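Engineer: I have a structure I would like to understand better, so I am pasting it below and will then ask my questions one at a time.
The values are calculated or read from the model by the stated rules, or taken from the named source; none is laboratory data. In this text the structure is predicted, and so the values were computed from the model without any measurement. Here the Cβ positions follow ideal geometry from the backbone for every residue, glycine too, while neighbour counts run over all protein chains shown. The protein model used for the area step is the full one, side chains on, heavy atoms only, and it has no ligands, DNA or RNA in it. Shrake-Rupley method; radii C 1.70, N 1.55, O 1.52, S 1.80 Å.
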Amino acid sequence: MKRTPVVALIAATVFGVVACEETSPTSLDGDLIPVGPATVEVILPWSEFGSTIETFGGFGSPDDLIAQVVAEDYRGTLDSRALVQFTTFPRAATVQDSTGETRADSSLTYLDGYVVARIDTVRSRTDGAVEMALNTFEQQWHAPSTSWDLRVDTVLDEQAWEEPGAEPSTRLATGTWNPEVSDSVIFPLDSATLAIFNDTIGSRPSARVDMVTPGAFTEVLSLDLRINVRPSINQDTIIVVSALPERRTFIYSPFPEPEEDGIRVGGAPAWRTVLTLDMPTVLNGPDTLCALVTCPFTLTPRRLNYAAIIITSEETVPGAFQPTDTLLADARPVLVAERLPKSPLGPSFLGLAGRALAPDAFGPNAGTEFPIVVTDFISSLVDPDIDVDSVPSELSLLSLLEPFSVSYATFGGAGSPGEPKLRLILTAIDTVEIR
Amino acid sequence: MRRSATAGAGLLALLFAVPGEGAAQSLFSGYIFGSPMEIGDARQVALGSVGIGLGGTPISPYDPAAGVDLLLPSVAFTGQSTWGSAQEGGGNTDFSASRFPSIGLIYPIQNVVSVTASFTGVLDQNWEVAEERTLSVGEGGTQVTDRFASDGGVSSLRFGLARRITPNLSVGINAGTYLGEVTRRFARSFDSLPVEGELPDFQVGGNWDYGGAVATAGSVLAFPGVGRLAGSVTWGGELRASPTGGTDGAGVTLDMPWEYRVGGTAILSQALFLNAGVHLADYGSTAEALDGIAGASMFRVGGGIEWTGFSFLGKSSALRLGYRRGEMPFRPETETDIVESVISGGLGINLLEVQGAVLAESDVGVEWGSRDSSLFTEDFFRLSFSLRMSIR
């Protein structure tokens with residue numbers, strides 16, 4: 001009996017909570033909406049929202065790449081050579097003796113060998129089988145900084161090759177790569193040639209892989225020196241040991257200097273392009289805007305629905321540097337403009353995956369537009385409550401991975417037909433009143 | 001004594017813990033400043049009462065003297081669920097809501113005076129508008145959906161005193177403040193505009209807090225063996241809506257009208273009672289501050305009959321029938337008054353009676369109503385549940 005009020009209270013509470021699903025009365029009479037918002041799309045040319053475009057190079061190095069470019073007069077322009085220095089030969093190997101027991105053998109006789117180069121069949125550009133060459137050269141080189149003209153190019157040391165392109169050199173072997181047959185090319189080495197790479201007294205010579213067939217372009221994924229060895233334990237047996245690359249890179253010519261006011265992303269070393277914005281806070285046009293709202297129209301974060309900088313692809317010139325695979329681009333705010341080109345960058349506008357740029361966009365499909373959504377970035381620039389000097393107004397366009405490839409993407413720069421433009425979707429609204 | 005204090009604290013906690021306003025109950029809310037919520041507990045609902053003149057110990061902010069009949073500390077609260085349907089512009093809109101329109105508390109002090117407190121809904125301002133339209137944005141135009149939503153309402157929190165002057169005459173007064181808030185928000189979603197990435201909805205809005213004083217004075221005159229007659233006057237004061245939290249919209253002050261209520265109960269037999277009442281308020285000047293809204297000279301009348309001569313589940317119970325009709329306080333400026341008419345019924349059960357004192361009472365009321373105007377018609381079914389508990 002005493003429980004009755006409690007039970008009733010619980011019942012009442014449950015009743016109130018679950019008795020019916022909340023469905024707010026929704027009118028379809030648009031006249032009830034007490035505000036008359038106007039939404040308009042505005043496209044601003046570069047001259048109305050940007051000030052400068054600067055391209056900075058030197059991010060990363062070709063030796064950061066997995067593959068080395070080997071090309072000869074590719075598209076009438078590009079020469080590229082892979083450089084490699086192998087480790088010293090293995091001094092011992094594990095060998096089965098005549099009884100079948102496995103034993104260590106440190107008395108090996110090096111017979112002959114070969115260098116095997118594995119080719120990226122997808123990213124290579126050849127017209128059938130091509131001939132490649134293995135050379136050796138004596139000059140020492142610095143993998144992170146070497147280039148076609150310089151074998152060492154650091155802050156404290158700059159040394160040129162005796163002749164550009166890691167010359168002089170001695171040809172050791174040639175090999176043919178037929179992409180329809182295999183993914184590798186083999187350079188045979190006799191015992192005398194092989195001994196060159198096992199010089200442990202002087203400075204070890206390096207190997208250089210060249211393309212012999214003009215117009216061909218390949219990317220070499222790996223270079224290994226395989227050595228046929230006769231062990232002392234079981235002399236009827238030939239075993240194969242490997243000398244792995246100690247360092248490798250590639251050098252290429254010509255070096256494609258960026259155009260002034262152009263936009264370039266990618267390459268090896270990589271280029272970045274910084275767009276400095278000079279965002280207006282008041283718009284007096286275009287006519288499509290002023291036809292719908294009162295001009296001058298003050299831009300505010302509330303009115304700014306969407307903002308995207310649209311960059312337009314151009315054909316990459318020289319054509320040898322046109323991407324052969326999808327490039328992943330990134331866009332980030334420059335946090336300390338005074339420290340460019342080494343300024344730290346803010347979080348990406350394009351997310352972790354970046355923006356995929358199809359290679360055709362920089363060749364036959366030049367003129368493709370790539371929008372970069374920068375709504376929050378632009379909002380901060382037009383926010384009257386934010387000191388404009390306290391927020392970045394520079395936007396860096398870069399490759400998601402630096403470097404990613406010797407090829408690079410180009411976009412229309414200031415004054416070009418495909419110059420950057422700013423797409424704004426603006427909504428102007430009266431203040432919402434209580435009635 | 002300790003138990004009474006604990007109970008009182010508990011009752012106060014309950015009073016402040018449960019909201020006095022809830023979800024929407026009328027599509028007309030969007031056309032006017034809000035729908036009235038001042039009808040009281042489930043018993044009043046079932047009897048078509050305008051909130052005054054009922055015997056049987058109601059706790060009503062509009063009948064401040066009535067609580068004097070309660071001799072024990074008591075708390076009462078009411079829950080309501082509404083299902084409605086409106087025929088607007090050839091289309092049909094369904095809606096539903098649950099809410100707690102009133103909570104009341106009374107605490108008699110040595111049979112000298114009773115302290116009352118109540119938290120009551122005044123205006124319900126929950127509603128939404130959705131409209132699809134095509135804008136000349138982008139190639140070939142863009143489909144957008146505009147939504148405007150109002151969320152909130154006005155409540156009143158009052159404290160009062162009731163005292164028996166003579167054995168047959170009681171008076172009461174309460175005073176308090178308007179409370180509550182409303183958020184009004186516009187959102188536009190872009191349904192077909194091709195953009196890279198996500199195009200967020202455009203949103204803008206504001207939030208307002210309500211405040212302002214309100215008071216009611218009333219009396220009850222009992223005629224033993226015949227019935228009772230009660231009247232009250234409510235000073236509406238100023239209902240102030242103040243913008244908060246960076247709201248750009250202006251505030252507004254409404255001169256709330258004086259409200260007059262008269263009601264009575266006639267004893268037809270030992271178990272049969274007849275209740276009737278009227279409610280007058282002129283919202284004409286109140287609406288002057290509201291754009292596009294006019295106030296009604298509100299005249300509400302209602303009444304019903306109650307039969308207490310039976311038991312249900314072994315408990316003494318009551319059956320009720322009622323009818324109520326009257327204008328809503330506001331209407332669109334260009335339209336006629338919105339008239340609400342309701343047929344109601346209900347059941348009351350005394351859950352716990354000890355030595356003739358009802359310590360727990362539960363009431364259920366149902367309403368079938370309609371609201372008519374030159375704009376459209378709205379039908380609704382409302383289920384109310386009240387519980388009153390007393391502590392010895």
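Engineer: Give the Debye-formula value of log10 I(q)/I(0) at each listed q (0.18, 0.21 Å⁻¹), with one equal scatterer per alpha carbon of the range B:238-392, two decimals each.
Structural biologist: -1.11, -1.28
Engineer: Tell me, how many Å apart are the Cα centres for the range B:100-155 and for the range A:165-187?
Structural biologist: That distance is 80 Å.
Engineer: How long are the three semi-axes of the equivalent ellipsoid for the range A:35-142, computed from the Cα gyration tensor as the root of 5 times each eigenvalue, in whole Å, largest first?
Structural biologist: Result for the range A:35-142: semi-axes of 55, 22, 17 Å.
Engineer: Additional query: Compute the helix-to-body angle for A:4-18: its Cα long axis versus the longest principal axis of chain A, expressed 0 to 90° and rounded to tens.
Structural biologist: Taking the Cα atoms of chain A, the angle to A:4-18 is about 70 degrees.
Engineer: So with the 1.4 Å probe, I'd like the accessible area per residue for the range B:212-281, rounded to whole Å².
Structural biologist: Ligands and nucleic acids excluded, the result is 44 Å² per residue.
Engineer: What does the convex hull of the alpha-carbon atoms of the range A:78-253 project to on average, in nm²?
Structural biologist: Mean orientational projected area (the range A:78-253, Cα hull): 11.8 nm².
Engineer: Which order do A:T375, B:T234 take when ranked by solvent-accessible area (1.4 Å probe, heavy atoms of all protein chains), largest first?
Structural biologist: My answer, sorted largest first, is A:T375, B:T234.
Engineer: Determine, from the Cβ-Cβ distance of B:R392 and A:D376 and an R0 of 60 Å, the FRET efficiency 1/(1 + (r/R0)^6), rounded to the nearest 0.05.
Structural biologist: About 0.40, to the nearest 0.05.
Engineer: What is the angle, in °, between the Cα long axis of helix B:2-17 and the longest principal axis of the Cα atoms in chain B? Nearest 10 is fine, range 0 to 90.
Structural biologist: 20
Engineer: While we're here: Taking the dipole about the Cα centre of the range B:9-390, with the C-beta of Lys and Arg at +1 and of Asp and Glu at -1, give me whichever of B:L280, B:S35, B:V204 is farthest to the positive side.
Structural biologist: It is B:L280.
Engineer: With label points built 7 Å along Cα→Cβ from the Cα atoms of B:L268 and A:E369, find their separation and express it in nm.
Structural biologist: Inter-label distance under the simple model: 7.7 nm.
Engineer: How do A:V181, A:V336 stack up against each other in accessible area, from largest to smallest, with a 1.4 angstrom probe?
Structural biologist: Final ranking, largest accessible area leading: A:V181, A:V336.
Engineer: Related question: For the interface of A with B, what's the total buried accessible surface in square angstrom, probe 1.4 angstrom, rounded to the nearest hundred?
Structural biologist: The buried area between A and B, both sides summed, comes to about 5000 Å².
Engineer: Calculate for chain A the 222 nm mean residue ellipticity that helices alone would give, adding -39,500 (n - 2.57) per DSSP H run of length 4 or more and normalising by residue count, nearest 500 deg cm²/dmol.
Structural biologist: That comes out to -2000 deg cm²/dmol.
Engineer: Separate question: Tell me, what is the percent relative contact order of the range A:78-253, built from C-alpha pairs under 8 Å that lie six or more residues apart?
Structural biologist: Answer for the range A:78-253 is 42 percent.
Engineer: Could you state the per residue volume, in Å³, of the convex hull enclosing the Cα atoms of the range A:223-272?
Structural biologist: 90
Engineer: If you don't mind, there's one more thing I want to ask. Is there a quick way to get the dipole size of the range A:78-253? I mean about its Cα centre, with the Cβ of Lys and Arg at +1 and of Asp and Glu at -1; what is the value in debye to the nearest 20?
Structural biologist: 340
Engineer: Report Rg(Cα)/(2.2 N^0.38 Å) for the range A:182-311, keeping two decimals.
Structural biologist: 2.17
Engineer: Quote the Stokes-Einstein diffusion coefficient, in whole µm² s⁻¹, for chain B, based on the Kirkwood radius over alpha carbon pairs, a temperature of 10 °C and a viscosity of 1.306 mPa s.
Structural biologist: Translational diffusion coefficient: 72 µm²/s.
Engineer: Take the Cα radius of gyration of chain A and divide it by 2.2 N^0.38 Å, with N its residue count; two decimals is plenty.
Structural biologist: That ratio works out to 1.45.
Engineer: Two decimals is fine: what's Rg over Rh for the range B:132-180, C-alpha atoms, Kirkwood radius as Rh?
Structural biologist: A ratio of 1.65.
Engineer: To continue, here is another question. For the protein assembly as shown, report the convex hull volume of the alpha-carbon atoms normalised per residue, in Å³, without decimals.
Structural biologist: Spread over its residues, the Cα hull of the protein assembly as shown gives 273 Å³ apiece.
Engineer: Oh, and also: If I histogram all Cα-Cα distances within the range B:169-270 using bins 5 Å wide from 0, what percent of pairs lands in each bin?
Structural biologist: All Cα pairs, binned at 5 Å, distribute as 3, 10, 13, 11, 10, 9, 9, 8, 7, 6, 5, 4, 3, 2, 1, 0 percent.
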